[in-house]
Structure formats: C-alpha cells, structure tokens
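Everything below concerns the one structure shown next.
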Amino acid sequence: MTFQELGLEPMLLKAVTEMGFENPTPIQEQTIPQLQGKSTDMVALAQTGTGKTAAFGLPLLTKLDLNSRFTQSLILAPTRELCVQISKDLINYSKFLNGLRVTAVYGGAPIMGQIRDLKAGSQVVVATPGRLIDLIERKAIDLSHVDVVVLDEADEMLNMGFKDDLDEILSNTPPTKNTWLFSATMPREVERIASKYMESPLEISVGKKNSGNENIQHIYYTVNQRDRYAALKRIADFYPDIFGIVFCRTKAETQEVADNLIKDGYNADALHGDLSQAQRDLVMKRFRSRTLQMLVATDVAARGIDVNNVTHVINYNLPEEAENYTHRSGRTGRAGKTGIAIAIVTPREVNKIRDIERIIQNTFTKADVPDGAAVCEKQLFNLVNKLHTVEVKDEEIEKYLPKIYEELKDLSKEELIKRFVSEEFNRFYTYYQNSQDLNISNEGGNNGKTTRFFINMGQLDGFNRNSIKDFLVEISGLNARLIFNIDVKNSFSFFETENKCVDEFLALNKKGIEFNARVISFEVSKAKASGGYGEKRSYGGGSREDRGRSSYGGGERKSYGGGERKSYGGGERKSYGGGESRSYSGGGERRSSFGGNKEGGERKSYGGGERRSFDKPSGEKSFSGNREGAERRKRFTK
Ligand code: AMP
C-alpha cells in the first residue's frame, strides 16, 4: 500500500515523500482513509514510534480552512517535548500548503510569548493540558471554532494527573467537534473519556489490544539487590555501541546512578525533575545528537522523548506502575527499528515481570548477565571491527608513518595485531579476570554457583557486616568481592562465596585460627545460598547458638592447640575486637596476652567462655565487656 493509494492529498504526499516516508505505517494505513475529509470520532491504540503523529497530523491538515486564523484543531500532549515535536512535524507535512500557523503552548516557558502567538491566530494549537487551562482562564484562547481535538498519549496525560484538566478542556470545546484519542494502553480512565466524550468512535488498534511493540525484545536478568549497578555496568560493557535510556524510580536514584556511571568512565548523564529546564534541554540536546550514550532518567522526565534509534531501554528498577513499562520500552524499537528492553530484577521482583507480561501480552526471556569472559570477547571484536571502519586521516598521519614503521619493523604482522589489540583487551581483562557471576535464580538461589558458609562469630564478638568481611578477607587472603551476602547474627554469622573458594575456607579450619580465644570454625551451611531465606528454618536461631556454644565455647578452646595456631585478639586485638593491634601469636604467648578463662573476667579481655555467657546473662562484668567490645569495633570499622 502506498500513500497515493490511500488517497493522501497531493501536497501532503509531496511533503512526506520529501521527508523520506516511502510507505505508510500500519496505523497510517488505517487512519488516513478513515479520517481524511470525514467527520468521525476515533480511539486508536498505538505505541509511540508507530508513526501516529502523521496518522492524525496528515488527515487533520486536510480539514483546516487555511484562509481563516481561528483555532480549528487542538492537539493535547503530555509534555513540552512532545508538543514541540508534533508542531515541527505538522510544519514539515505542510511544506507545500500555504498559510498554516501552528502554536505550541506548554508549561515551564513564559506564558506571555505564547499569548502573543495565540493572539496572532493559529489554525492549530498544540498544548499541554495544564498550560491550556491557564490560557483558557486568562481568556487568551478561543476554542469556539475547534473542529478536531486530538488527545495524544492519553494514558500518559491521565498518569500525570491531568484528568480534571482534560475534562474541563473537553467540555470547553464545541459539542460538534470530533475527538481523536491515541493511547498506548487502555486503562479504565481512558475508556471513561472515550465513552463520555465520543460518539460511536472508530476503533483502531495496531497490533493486539494493549500489546507492546513487536520490534522490541524483552529480557530480564535476576541478580541480588547489591549487584544491580554491577549488572548495569556489564550491560554497558557488553554493548559498546549502546545508545540507551536507563530508567530509575526516583530522582535521587537517577542522579546517583548517573554520577556513578560518569565516575566509572561511562558516557552517561541524568535527566530528572530537579534539574533546571536549561540543564534538561542541554542533556536532551546531547542525547539527540548522540554525543551522550546513556541517558539515566525518571519516568516523568523521559516522557515524550522521541529520539529514534535508541538501541536499549534498561529498567534499572522496574516502574512502580506496571503500565509504565510500556512507555519506557516504547522509547526503543521505533519507526520499524528493533530494540532491546532489559529489566534488572531481584528474585522478589520476578512476579512484577509476570504482571507486565500480562499487560504487554508478550513474554520476557530470562537471560544471563554477561560474564567477564563474554564482555572481554565482545570488546575485543568491537575493537577489531573498528579497525575496519576507522576514518584514516591519510594526510595528517603521513608524516609520522615512516618513523612508526621503522620502530615496529622487527614485529611480524601477527605479532603487531596481537600487541595492538592487547593494548585495549588488557584493560577489560584486568578488570574482569576475577569477576563474579552476577546471576541468581528466580527463587533467590545461586544457580549452584555459590556456597553459603556458617562461621561461629557474630555481633557478640563485636562484628558487623563490614568488619566481618574485612576479617574474612584478612584471614582467607581472598578478594573482598568473593565474600558477599553476609548476615551477622548474635553469636554466629553467614556469608556466601563462590564455589571455587570453598576449599580455601575449609582449609582455614585446620589452622585453628582464634579470635577472642575461640577457634574459628567454618561450616558449609545447608541453608540455601543467595538470599539464605532458609537459614532460620534449617538452624533455628537458638539451636544454632547452642551448637556454637557447646562446640566452640569456653574450655574447649584448649583442645585446638599447636604451634601453627594463629590467634586474633588479646593484646593484639585492636583490629578484631579490642587490644592493640592484630598480630598472630603462638600458643604460649596467647595465654599470656589474654590468659584464657581466668582472665576472661577482666574487662580488657574478651576471651573464651566468659563472652559466651552473655547468652545467659551473668552480670555486669560480662555486659560491660561486650559494650567495650562494641565501642572498639566502632573505632575499627571507621
Ligand atoms: P511517531 O510515532 O509519530 O513519533 O513517529 C516515529 C518516527 O517514525 C518519526 O521519526 C517519524 O518521522 C517516522 N515515521 C512516521 N511515519 C513514517 C513513515 N510512513 N515512513 C517512515 N518513517 C515514518
């Protein structure tokens, strides 16, 4: 089907052909013959990017009397950006028509200039609802000649709280007008507007009712909450040519994510309501011109973003309202292009994915966050590809080449290539060589890739999550990134590590390392790793503590002797629970520094059985010992 076959007016046909529109999009095929020169109401379900501006804009232009300056068409849109875009599109379509005047009026800009433009007379006014109400109240606009009202992105306008404004505007326009409503989704409020203000509207839907854009692939990654940002970075590294929008839930989160990305060397910036209009305009200008690769935005700020060729929409956090997902993902896959919408979710949020699937009538694919090796490979081949496409400035580089050839003459072609790509590859390889697998199962399990450990140290030993991590790093010699999901309980704790590190922790048992005169013990926890929701059920608080006490408490310590034993605590304990500094002392020395059970009663010592007596409160002495321990801990953790 061609525009000509649809019967598009010759002057408009000429304009759209010049704009490079070869064939009508599906929605244009349906609206143009039905609306051009006809008098009807219409409800159209259409996403952004489907060509809906031309779908209403072209027929609307055929209905205008360009010899009159009365406002004959009113287009309402949710945002300033969209108003401006619609106005520009209309001007472009009317290139070969004489006398069309379009005025865009929206909030956040001086009203006086807009009033002046309206006074001069425009056949078409494109407005945000709030500003239009203001203009109506100031009697700056005459709507009595309005013949067509277009509600663009009606669901968005309602989401933004314009319900009363829309009611007021619609009742301020002549009852004889036609209303054309476009919406990406059809919530009850939109249906209410349709039934209240329209008469037997023509119903048009591109794709299934409420269905999302077919060109968009929806995928989600399940990760732990603490790995959300790491997952985002992996995505950015895995798609070196990404041109995407990262959606966050709040302004603060948006700013934080953008700041972190910038700090980590990514080409990103924030767009949210706490920025001034000038700042927002600048960010949008950079994004539009593709100087900016990743726009980190809130839902509200990103409304009406009409940038083409967005490759990825990333839901850093899913939207509060599942309906908003459609608007987010609709920023990619526009104008026939394909796009990828990625959601980063925790196991608890997987049910939200199911809600969204119902709304978009499409399924998500659970995918794995790319691992370090995949990122390195992708980056390597990206570099290789760039060698083909790089612009060579022959003239400018000419003068350096003889010297460079001379310098490199001892290297073969293979050697040269290897060294050249290594220069870039090493950077990613170094960063990713010990990288963690960020993926977990939807149930919070670890896909069998991590192991949960029990350790017989807890808050009573003055530990908190940070200090126990430092402690574990210290005694295991492992990288801090390999110790995670730490849960510090009263007298014991849990932590998780990658399976490859299990032997390292179990080997520590053999060394008889002591802390507070107790030998530290590691056990593989039977509770489920990642999330560890099963812990309590498996061990049941008290019983676990009992086990801890009977196995490791008090005098039993003595049975773990031997020259090899390392002891944390006592005189050396400053770092881990009191004392002066951490150094390891052998058996005899240890006794002299904190003297076992006998000295345990003294405050400066946090030794052995006495500590455990907190479980059954046994008086002032032990209590103050604990408090002191906590104070010291505080100092240590700073
Ligand atoms: P819209 O849904 O109106 O925001 O349009 C999305 C993009 O598609 C815009 O950049 C339009 O310029 C472009 N577009 C609209 N209709 C056509 C068409 N028939 N052929 C090619 N591109 C189009």
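The values are calculated or read from the model by the stated rules, or taken from the named source; none is laboratory data. Keep in mind the model is a prediction, meaning the values are calculated, not measured. Note that each Cβ is placed from the backbone with ideal geometry, even for glycine, and that neighbours are counted across all protein chains shown.
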May I ask you to say which residue of Ala109, Ala44, Ala54 is within 20 Å of Ala194 (Cα to Cα) and in the same structural domain as Glu168 (by TED's automatic domain parsing)?
Ala44
Under the condition of being out of contact with any Asp or Glu (no Cβ under 8 Å at 6 or more places or on another chain) and of a type in the set (Gly, Ala, Ser), which residue from region 415-443 is farthest from Asn382 (Cα to Cα)?
Ser441
If I filter region 1-15 down to residues being outside any loop (DSSP other than H, G, I, E, B) and without any contact (Cβ under 8 Å) to a residue 24 or more places away in the chain, which single residue comes out as nearest to the ligand (Cβ to nearest atom)?
Leu13
For region 316-366, give me each residue that is within 18 Å of Tyr239 (Cβ to Cβ), among the β-branched types (Val, Ile, Thr) and within 16 Å of the ligand (Cβ to nearest atom).
Thr332, Thr338
Please find, among Glu391, Glu406, Glu414, Glu395, the residue that is exposed (fewer than 10 other Cβ atoms within 10 Å of the Cβ) and assigned to a loop (DSSP other than H, G, I, E, B).
Glu391
Do you know which residues across region 41-56 are more than 8 Å from the ligand (Cβ to nearest atom) and closer than 15 Å to Gln85 by Cβ?
Phe56
Qualifying residues in region 27-40 (those that are more than 13 Å from the ligand (Cβ to nearest atom) and either farther than 19 Å from Leu181 by Cβ or of a type in the set (Val, Ile, Thr) (or both)) - the one surrounded by the most Cβ atoms within 10 Å (Cβ to Cβ):
Thr40
The lone condition Asn92 fails out of (1) crowded, with 23+ Cβ neighbours inside 10 Å; (2) within 13 Å of the ligand (Cβ to nearest atom) is (1)
Of the numbered conditions (1) surrounded by fewer than 24 Cβ atoms within 10 Å (Cβ to Cβ); (2) more than 13 Å from the ligand (Cβ to nearest atom), Leu76 satisfies every one except a single condition; which is it?
(1)
Those strands (runs of 3 or more DSSP E) lying entirely in region 464-525 with at least 1 residues buried (at least 19 other Cβ atoms within 10 Å of the Cβ) and in contact with a Lys or Arg (Cβ under 7 Å, 6 or more places away or on another chain):
483-488, 493-498
Enumerate the pairs (first residue in region 300-313 and within 12 Å of the ligand (Cβ to nearest atom); second residue anywhere and among the acidic types (Asp, Glu)) with beta-carbon separation below 6 Å, excluding pairs fewer than 6 apart on the same chain, so at least 6 apart or on different chains.
Gly304/Glu81
So Ile193 ticks every box in (1) surrounded by 16 or more Cβ atoms within 10 Å (Cβ to Cβ); (2) assigned to a loop (DSSP other than H, G, I, E, B); (3) not small (Gly, Ala, Ser) but one. Which box is left unticked?
(2)
Report yes if some residue within region 247-258 is touching a residue at least 24 places away in the same chain (Cβ under 8 Å), touching a Cys at 6+ places or on another chain (Cβ under 8 Å) and not assigned by TED's automatic domain parsing to the domain that holds Asp147; otherwise report no.
yes
Might you check whether a residue that is buried (at least 18 other Cβ atoms within 10 Å of the Cβ), of a type in the set (Asp, Glu) and more than 32 Å from the chain's Cα centre (by Cα) occurs anywhere in region 96-117?
no
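Conditions (1) within 18 Å of Val124 (Cα to Cα); (2) in contact with a Gly (Cβ under 9 Å, 6 or more places away or on another chain), marked per residue:
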{"site": "Leu6", "(1), (2)": "no, no"}
{"site": "Ala15", "(1), (2)": "no, no"}
{"site": "Gly20", "(1), (2)": "no, no"}
{"site": "Asn23", "(1), (2)": "no, no"}
{"site": "Leu45", "(1), (2)": "no, yes"}
{"site": "Thr50", "(1), (2)": "no, yes"}
{"site": "Leu58", "(1), (2)": "yes, no"}
{"site": "Ser73", "(1), (2)": "yes, no"}
{"site": "Arg80", "(1), (2)": "yes, yes"}
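Can you confirm whether Pro24 is within 39 Å of the chain's Cα centre (by Cα) and either closer than 30 Å to Val190 by Cα or within 14 Å of the ligand (Cβ to nearest atom) (or both)?
Numbers: within 39 Å of the chain's Cα centre (by Cα): yes; either closer than 30 Å to Val190 by Cα or within 14 Å of the ligand (Cβ to nearest atom) (or both): yes.
Against the criterion (within 39 Å of the chain's Cα centre (by Cα) and either closer than 30 Å to Val190 by Cα or within 14 Å of the ligand (Cβ to nearest atom) (or both)), Pro24 qualifies.
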Which members of region 126-168 meet the condition of being under 15 Å from Ile111 (Cβ atoms), in a helix (DSSP H, G or I) and out of contact with any Leu (no Cβ under 8 Å at 6 or more places or on another chain)?
Gly130, Arg131, Ile133, Asp134, Glu137
Just to check your reading of the model, which residue among Ser422, Ser435 is of a type in the set (Gly, Ala, Ser), without any contact (Cβ under 8 Å) to a residue 60 or more places away in the chain and not assigned by TED's automatic domain parsing to the domain that holds Thr497?
Ser422
